[in-house]
Each structure stands twice: as structure tokens, then as C-alpha cells.
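Quick note: the coordinates plus some simple rules give every number you see, no bench work behind them. Keep in mind that what you see is a predicted model, and the values were worked out from it rather than measured. Note that each Cβ is placed from the backbone with ideal geometry, even for glycine, and that neighbours are counted across all protein chains shown.
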Amino acid sequence: MMTKNDRRDFLKKTGMGTLGFTILPSLYNKVAASDRLRVAHIGVNGMGNNHMKWFAAIPEVETVALCDLDEKILNASLKTMEGLQPGVEVKGYSDFRHILDRKDIDVITCATPDHWHAQVAIMAFQAGKDVYGEKPLSYDVKEGQDMLKALQQYNKIFQLGTQIHATDNYHRVVELVQSGMIGNVHTVRLWKTGFSPGLGFPKAQTPPSTFNYDMWLGPAPVADYFPERCHKSYRYFLDYSGGVYADFWCHIADIVFWSLQPKGLKSVVAKGGTTGEIADAPKWVDAEFEYDGLKIFWTTDPPNVPGAKDRHIGAYFEGDKGTLICDYNTRSVTINNETVEDLKEVPLTIPRSPGHQQNFVDSVKSRIQPESNLAYARNMTLPMHLGLISWRLGRKLQWDAGKELFIGDKEANSLLSRKKRKKWDLF
Ligand SMILES: NC(=O)c1ccc[n+]([C@@H]2O[C@H](COP(=O)([O-])OP(=O)(O)OC[C@H]3O[C@@H](n4cnc5c(N)ncnc54)[C@H](O)[C@@H]3O)[C@@H](O)[C@H]2O)c1
């Protein structure tokens, strides 16, 4: 029987380490159960069920535990897991801290609502676990800073769950933009259509006895229970997230931050609507971010540029020699009035992803941070939070990128972090 240290050495040796190189399928079958990465999934409803499927499909991984504070969801997911991984014992937990106590677990994934992301990840790092955590990175700016500090302090691996990052399309868009063929990019227009719903005016109820509502609220303020506040539609409440805007930002802003690595954010201004119903996240948001030599716009309606109205989400890069429009799966480049899907003369320079979860597993073994690593994810997510703050205050805000503070605006700076409810301020 291998000890934990033997197993870690084995995993390191079998990991190819570099991005784009994966273990051959024939080798997968030779990986004994005792040599596999042992994974636990925390928050196993919608996205958590995808985590279960994706990781169960990786033969170097064994899922050993699931956690959800809703007993019904936990039990249903344990059943699903039996089918995904027949014959392997998977324990169910209602409190993720018991998972963190288990020394035999190497990795956790987290698909709780946003207001739990940072605490789960930081406590997992402290407990010696690597983390595959869902987007958006954190609930507020300070939590993202704390996550990065903890990752570095405990020397852990983190991948943000922006699965589209792994697509060939995104890799190719980055190569095309970085090739300089569309020239110097001075403007990017991002959009996501669709409003955040208002959810009506539900009446307060007693939470079901099978659901630990107090823990679900966690660091957020105490609030009346009604089902609309919780599973799935939590994202339309400011106490937990920021509506459609916060939900989709990471998916499409990713392509801009990867291609251009914008630096020196100077100002942000956002406007938006409210739903007028119980859900208080913005119904829609239009925002403008000014960087050194680059403006990034976010709108809810597609911008008035060719190809935008056919896409419900997208990015439009405007360079001084041409433009490029893309969404998750498609792209087209326009130079001198000629529009093409690809430019054959631009070489493939970025190693393709072996898959977003496999990339993370490879990183856990090699100890080389993955593609959607925490430092990158934090830079990419930060402007989304600043846009929300500008929307809340209804004014343009000046930003000191070096200090990560608003300039001369105490009220705005106070919104960079939220005081956690004492009982659930865990780290
Ligand atoms: N990458 C993507 O494309 C994508 C798509 C959907 C959702 N997401 C992200 O996944 C996360 C979850 O979204 P969802 O739609 O599945 O939400 P959901 O509300 O359906 O599921 C969240 C689950 O987490 C559980 N939970 C809450 N706090 C917990 C805690 N402290 N410990 C254990 N369990 C806890 C809830 O009981 C619930 O079952 C969000 O951060 C969301 O942004 C990502």
C-alpha cells in the first residue's frame, strides 16, 4: 500500500507537466486506484453536477466525497455519482469543513454560489488542497486579494471554472489578435444580451428542515427565506452575486484579458437598470473601462458593429488595421473590407488545452499553474466588481491600479469588501 507521500511522488512523476501534453489513454488504465488524485466536490447542484461528470471522466481521478448543505441535493447527487463511478465509495457531507479535515483528499472543486467561493478556496489551501473553483472568482475585490495571498502562502494550484478558455476557438482568437494582423487594438466591445429577472415579490417561508439555510447565507447578511433567494436564482441578489452581468463577465472578458493583458485601469463608469422586484442585482448594465491605450465597453444590447446582433454574447476587437469579432465558438476577422474566419499565415503558437479539467489535473501533478490560474483570473474579474460599484453609486470612479483603490472616494473604497457575518467569517 502506497503512503500519501509515495502517491504524491508517483503523481508528480506521471504528470507530464507542460501544458498541452497529456498522459496517453493506455497509461490511464495502468493508474491504480491508490495512485489517483482524490477529489471532493463542494456544492453539487447545477454546475456541481457538471464537475462530477467531468472529473469522473478523467481516469487519473477518483471522486471520494460530495458536499452540499441541502440534504435533498446531496442525496440526489450521491445517486448520480454511483452511476458515474460504479463501485467506488463516495461519502456525503453537509459541512465542507469535514472534507477539508480529510488528509486523504488532494483536490476540491467548488460550485457553491459566489459568496462562498473565497472562504471555501482559502480554507482548502490552508488544509493543503488544490482547488478547481467556479467563476466569478469571488464575491468582492478584497476576497480575490485574500485568495491570491493564500494561494501563494500555501503554494497551491487553482483553476477558475471558465471552461470556454480551453476551446480551440479562444486559443485561435488570441493568436490572431496577438499576431498584430488587426494592428494595435484600441477598443474592445463586449456584450451579453438578456435581463436579470426580478423574481416577483415572494413571501417569507420557513426553510425546509433538509436545508441548512443559515449556512447557505454564510457570510452574507441574515435575510428572509424564500426558494427564489437560493438555488440557481441567488445570482440575481446583490448579497450573493451581481446578476447576468456578473454571471457572464468572466466567460467573455476572458478572451480580452488573455489576448491583450490590459494594464493600468484608470477609470470605470457604469449605468444600469433595476428590476423593481425582489431581486436587486442590476437588470442590465452598460459600462466603460479606460486602460492605458485601450477602452473596454460592456453593453447589454449588442453594439452596432457587423456580426454583433447575431450573437447573444460576444467580443469585438477594433484595431488600427482591422477588426475581429468572436463568441465562444465562432470568430471572423475583417481586414481591408475582406472578412475571413482565419488567417492561415498566422502560426499556431499556443499549445492547445488537453481539456479544462485535465489541464488542472496536469497542473496539480506538475505544480505549474494552469491556464485559468488565480493571478490571471483575479485581474480578469476585478473590473467586473468595479463596474458593479460604479453602478451602485451612480458615478464615474477613478482607479489607482497600483494600490488597487479608488482615488479620493471613501464610499467607493468601502464597497471593495463586505464585512462578513461574524458567525461565518471563517478564515
Ligand atoms: N462555468 C460555467 O459555465 C458556470 C455555469 C453555471 C454556474 N456556474 C457557477 O457555478 C456556481 C454554482 O452555480 P449553480 O447554478 O450550480 O448554483 P446552484 O444554486 O444551483 O447550486 C449551488 C449549490 O451549492 C450549495 N451550497 C451553497 N453553499 C454551500 C456551502 N457552503 N457548502 C456546500 N454547499 C453549498 C447549494 O445548496 C446548492 O446546491 C456559481 O458560482 C456559478 O457562477 C458556472
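Provide the FRET efficiency to the nearest 0.05 for the Leu343-Asp301 pair, computing r from the beta carbons and using R0 = 35 Å.
0.75
How long are the semi-axes of the equivalent ellipsoid of the chain, defined as square roots of 5 times the Cα gyration tensor eigenvalues? Whole Å, largest first.
Equivalent-ellipsoid dimensions as semi-axes: 34, 29, 19 Å.
Between Glu277 and His98, what is the label-point separation in nm under the 7 Å Cα-to-beta-carbon projection?
3.7
FRET efficiency for Phe201 and Lys79, Cβ-Cβ distance as r, R0 = 30 Å, nearest 0.05?
In this case the efficiency is close to 0.25.
Identify the GluC sites (Glu not before Pro) of the range 241-339 meeting these criteria: DSSP loop state and at most 16 other C-beta atoms within 10 Å of the C-beta.
Glu277
What's the magnitude of the charge dipole for the range 66-191 around its Cα centre, counting Lys and Arg as +1 and Asp and Glu as -1 at the beta-carbon? Answer in Debye, nearest 20.
About 260 debye.
Tally the DSSP beta bridges in the chain and give the antiparallel ones as a percent, rounded to 5.
60
For Leu343, Leu190, Leu374, Leu137, which order do you get if you count the other beta carbons within 10 Å of each Cβ and list the fewest first?
Ordered from fewest to most neighbouring Cβ atoms within 10 Å, Leu343, Leu190, Leu374, Leu137 come out as Leu343, Leu190, Leu374, Leu137.
What nm value, rounded to one decimal, do you get for the distance between Tyr328 and Leu426 when each label is placed 7 Å out toward the C-beta?
Placing both labels 7 Å along Cα→Cβ, they lie 2.9 nm apart.
Neighbour counts of other C-beta atoms within 10 Å: give me Ile350, Ile182 arranged from fewest to most.
Ile350, Ile182
Pairs of lysine in the range 55-171 with Cα under 24 Å and at least 8 positions apart or on different chains: total?
13
For the chain, what does -39500 (n - 2.57) per DSSP helix run (n ≥ 4), summed and divided by total residues, give at 222 nm, in deg cm²/dmol to the nearest 500?
That calculation yields -10000 deg cm²/dmol at 222 nm.
In terms of Cα to Cα distance under 14 Å, which aspartates and glutamates are near enough to Lys271, apart from those fewer than 8 places away along the same chain?
Asp286, Glu288, Asp301
Please give the net charge around Thr187, taking every other residue with its beta carbon less than 11 angstrom from that of Thr187, where Lys and Arg add +1 and Asp and Glu add -1.
Once positives and negatives cancel, what remains is -2.
Across 10 Å bins from 0, what is the distribution of all Cα-Cα pair distances for the range 324-426, in whole percents?
Result returned by the calculation: 11, 23, 24, 28, 12, 2, 0.
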